[in-house]
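Since every read-out is calculated from the coordinates, none of them should be taken as a lab result. A quick note: this is a predicted structure, and the numbers were derived from the prediction, not measured. Reconstructed Cβ throughout: ideal geometry from the backbone, glycine too, with neighbour counts over all protein chains shown.
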Amino acid sequence: MKKLPTTFRKEGFDFTQLKCEGNVALFRKTKEATGYSGFEVVVVQSHNGYRFGNEFFPPAEFMPRNEDWGSKGFTYTADDEAGALKQFEKLLRQQQLNQERLPKTPKLKLNIKK
């Protein structure tokens, strides 16, 4: 699977990953032309590959869609790094709780006679 890059440019902004655990990531978002600096906390999305027309797109990670902002993506100003870190930890706890709620696969016991 193609991983989300740790640095990339999107819509004129430069993103640099500061922290990532599981599928929760914290990015610094800057725009040199305007002097903008802030943070984005996201739940990294992924797909298993798909075909569009004659082209196949292999499995990859990607940023949440604009429509998912507020549930899978959050923006913080440069002076609210503490808020961004708090949101990162909140999403990480939610991810861990979701993993704990998954049904456990029973362990198989094999009777192998020698």
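Worth pointing out:
- The residues listed here are 72, 10, 31, 19; of these, the one that is charged (D, E, K, R) and touching a helix residue (DSSP H, G or I) at 6+ places or on another chain (Cβ under 8 Å) is 19.
- Screening 25, 60 for residues that are of a type in the set (A, V, I, L, M, F, W, C), within 16 Å of the chain's Cα centre (by Cα) and farther than 19 Å from residue 85 by Cβ leaves exactly one candidate, 60.
- From the list 32, 55, 67, the one residue that fits, being over 24 Å from residue 12 (Cα atoms), of a type in the set (Asp, Glu) and out of contact with any Lys or Arg (no Cβ under 9 Å at 6 or more places or on another chain), is 55.
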